[in-house]
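Please read the structure below before turning to the comments.
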């Protein structure tokens, strides 16, 4: 939990003399340092994620004909992609939302706004969460390559597509975090809605079970979750690079449209919530 001095000391330059990117960089560095202050808990999360991903690889490579709940083990390679993305978007969702709640409770929220607007705060915080969670993915790839003989080679086109899809996925989930953070600013408490969204993405976005196995109402939920489109596109880019990329393009356009619409709504609600806090005087030092 950060103190006011820790937050203020991380800002080495006034807002008037800094750029949009340097301010995001400052909050990014601050958030990473704060996470690493709790090394035991952070490393434990990394270890658990590593074990989970490694198990999927291990059983898939050990016995390709193995079936788990009727799903062939060959699908586990697809699951790895899903678990990796799930970690990234999960931390993106929770870091922004949880950071706002923590800073309201500790009294650092108003001081943060003296240096960053809410969009800068959300981007910097979410990128820090995604950066930290990526260590689990890199570690799993290294371990799988050493012990399971995994060989992954990407073309330049694949690398570019993967990067663009990751950016779209992370930004789309930043807007979701901002949306529910507005509620936290308004009510001064965490509603738990972000946790609900995260659980829905794990269940209905094709991470554990292919979308094709879902039907009816769950399929409707799948169609409104950004991770569904990102995961489908990522699997096509990595495992079927020679196929028609029309679906990938359409999915990318959906993610872009989702980000614009939800981002605009989030921005409006955040402005209303902050204005309400100022009027009521419930957040000091504005």
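What follows draws every value from the coordinates through simple rules; no lab data is involved. Since we're looking at a predicted model, the values are computed, not measured. No Cβ is skipped: glycine too gets one built from the backbone with ideal geometry, and neighbour counts run over all protein chains shown.
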Exercise. Give me the distance in nm between label points sitting 7 Å out from Cα along the Cα-to-Cβ direction at residue 187 and residue 203, one decimal.
Key: 1.9
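For residue 157 and residue 47, what does the FRET efficiency come to when R0 = 41 Å and r is the distance between their Cβ atoms, rounded to the nearest 0.05?
Details: r = 34 Å, r/R0 = 0.83.
Using R0 = 41 Å, I get an efficiency of 0.75.
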Quiz item: Once you put a point 7 Å from the Cα of residue 33 and another 7 Å from the Cα of residue 256, both along the Cβ direction, what distance in nm separates them?
Solution: 3.7
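Say R0 is 30 Å: what FRET efficiency, to the nearest 0.05, do residue 278 and residue 19 get from their beta-carbon distance? Don't skip to the end; give the middle numbers.
Numbers: r = 26 Å, r/R0 = 0.87.
Plugging the Cβ-Cβ distance into 1/(1 + (r/R0)^6) gives 0.70.
Quick one: length gained pulling residue 239 to residue 219 fully straight, 0.36 nm per residue minus the C-alpha distance? Can you show the working numbers first?
Details: separation 20, 0.36 × 20 = 7.20 nm, distance 2.33 nm.
Here the segment from residue 239 to residue 219 would lengthen by 4.9 nm.
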Quiz prompt | Sequence ranges 119-125, 237-243, ranked by mean other-Cβ count within 10 angstrom, highest first | solution = 119-125, 237-243
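Rank-order 157-163, 99-105 by packing density, defined as the average count of other C-beta atoms within 10 Å over each peptide's residues, highest first. Working shown, then result.
Working: 157-163: 13.4, 99-105: 20.4.
The packing order, highest mean first, is 99-105, 157-163.
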